[in-house]
Amino acid sequence: MDPEVFRNEYWERRPLRIPRNDPRHFAELLTLSDVDALLSRSGPDFSNIRVVSEGQETPVSALGGTDRLEMLYERYRSGSTIVLNALERRWDPLTRLTTRLSAEVGARFQVNAYLTPGGRARGFDPHYDNHDVIILQAHGTKSWRLYGMPDALPLRSQRYGAARPVPEAEEEFDLEPGSVLYLPRGTVHAATSTDTASLHLTLGVHPVLFPALLGEAVQDLAEEDEALRRGLPIGFASDEGRRREAERMIEGLLEAVRTRLTPRELTDRAVRRAVSIAPPVLRGHLTDLERMPGLDGDTPVRLRPDLRWRVSLTHEHVELAFHNKTVRLPRHVADEVRFVLESGHDPFTAASITGDLDRPGRLLLVHTLVREGLLTVG
């Protein structure tokens, strides 16, 4: 699937299924043996694990008893689905995957794993998610039903209530190992296992949405402008004259917001937000900090892989935004900073940096960027 075709024809529009039957395809991400190890290490509270059966969901921490791992497996043996939440935070292959996807898409990614026993077991009732999902079938086969999109692109506040009637299924298919399924948010779906256990990964996609972007921007303007913090006229709810006064007041405020929140400003704000939601990439940072006293002009360093960054120039500073912070450097080092950022993943040394800084200045720059976590040693 060409990425441009996906973006233009499927993203936020309609489901996409890419069928494969290759159990090796996602083996580097998560296997059944990996899940076994994760479950064994999740005690004693099992706070990131749930069990689900026929639409009923229970955190493992609420099961009671003294041996929760055994109770978890008892539920699984009885037909419950085991859900491992937020694996991108504690499983390196999925951390790397979501970091790269976040950088490419400009959205936050979360990964849950769903392990369902064989025997036509069902976890959730038909429902939709309030975020797009990408499903990777890692082990076994799962049968899916898609029921259309009754609410196109629902917000988090627009839930699919249990009392709503389930529409007729529009698609039914089996997802085999190595297959991919993309569902735009709002796609009603349900799935059951087949004769054997099924393990799939669900990548939840949380993009920058316009309502949140606009709301935050207006809130920031209100903190700067007293007029945007005023209440509506006293009595506007019951007096027609006061209501017309409220309309004029709102018209003026909307014009002020429209003038100050330009498309460029909102887009820049969205870029900052997209960069900020990327998780920090700091593997090996402790070792880097220990090695800093020995760094010299010939020590190889490089940009951290998969790092999201944004650079801008002010009258006095070069501002580097990454890891949800901004590092300000003197503007006269702009050429040297540009060299560092344009190095890609290729190693370089302080001595090889081009620009007007002398050798001690270039070494100080490298020390600063290693200390802040933009660069790593080696």
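No lab work stands behind these numbers, since they all come straight from the coordinates. Since we're looking at a predicted model, the values are computed, not measured. All Cβ positions, glycine included, derive from the backbone under ideal geometry; neighbour counts span all protein chains shown.
A few points about this structure:
- Loop-resident GluC sites (Glu not before Pro) (DSSP state other than H, G, I, E or B) in segment 121-201 with no more than 12 further Cβ atoms inside 10 Å of their Cβ: Glu168.
- Across segment 158-242, the volume of the C-alpha convex hull divided among the residues equals 217 Å³ per residue.
- Each of Val5, Val318 was scored by other Cβ atoms within 10 Å of its Cβ. Arranged with the fewest first, they read Val5, Val318.
- Hull-based mean projected area of segment 210-275, where the convex hull spans the alpha carbons, in square nanometres: 5.0
- Residues Thr349, Thr141, sorted so that the one with the fewest Cβ neighbours within 10 Å comes first: Thr349, Thr141
- FRET efficiency for the pair Leu364 and Arg258, taken as 1/(1 + (r/R0)^6) with r the Cβ-Cβ distance and R0 = 45 Å, rounds to 0.50.
- Rg/Rg_globular for segment 285-377, with Rg_globular taken as 2.2 N^0.38 Å and Rg from C-alpha atoms: 0.99
- Packing-based ranking, highest mean first, of 251-257, 12-18 given that Cβ atoms within 10 Å are counted: 12-18, 251-257
- Sparse packing (at most 12 other Cβ atoms within 10 Å of the Cβ) combined with a DSSP loop state is found for the following trypsin sites (Lys or Arg not before Pro) in segment 212-259: Arg230.
- Pairs of alpha carbons in the chain whose separation is greater than 37 Å (percent): 41
- With only Cα atoms counted, segment 1-123 has Rg and Dmax values of 16.8, 52 Å.
- Neighbours of Ala107 by Cβ distance under 11 Å: Lys/Arg scored +1, Asp/Glu scored -1, total 0.
- Rg(Cα) / (2.2 N^0.38 Å) computed for segment 135-206, rounded to two decimals: 1.17
- Computed over Cα pairs, the Kirkwood radius of segment 3-207 leads via Stokes-Einstein (0.890 mPa s, 25 °C) to a diffusion coefficient of 141 µm² per second.
- For segment 182-310, the share of alpha carbon pairs falling in successive 5 Å distance bins from zero is 2, 7, 10, 10, 10, 9, 9, 10, 10, 8, 6, 4, 3, 2, 1, 0 percent.
- Here the relative contact order of the chain, from alpha carbon pairs under 8 Å that lie six or more residues apart, stands at 15 percent.
- Ordering Thr299, Thr66 by the number of other Cβ atoms within 10 Å of each residue's own Cβ, fewest first, gives Thr66, Thr299.
- Simple spin-label estimate for Ser352 and His25 in nanometres, 7 Å along Cα-Cβ: 3.9
- Gain in span if fully extended, Glu104 to Arg41, counting 0.36 nm per residue against the direct Cα distance: 19.5 nm
- Relative packing of 184-190, 206-212, 260-266, which averages over residues the other C-beta atoms within 10 Å, highest first: 184-190, 206-212, 260-266
- Full extension of the chain segment joining Glu54 with Asp92 gains 10.5 nm, where the gain is 0.36 nm per residue of separation less the Cα-Cα distance.
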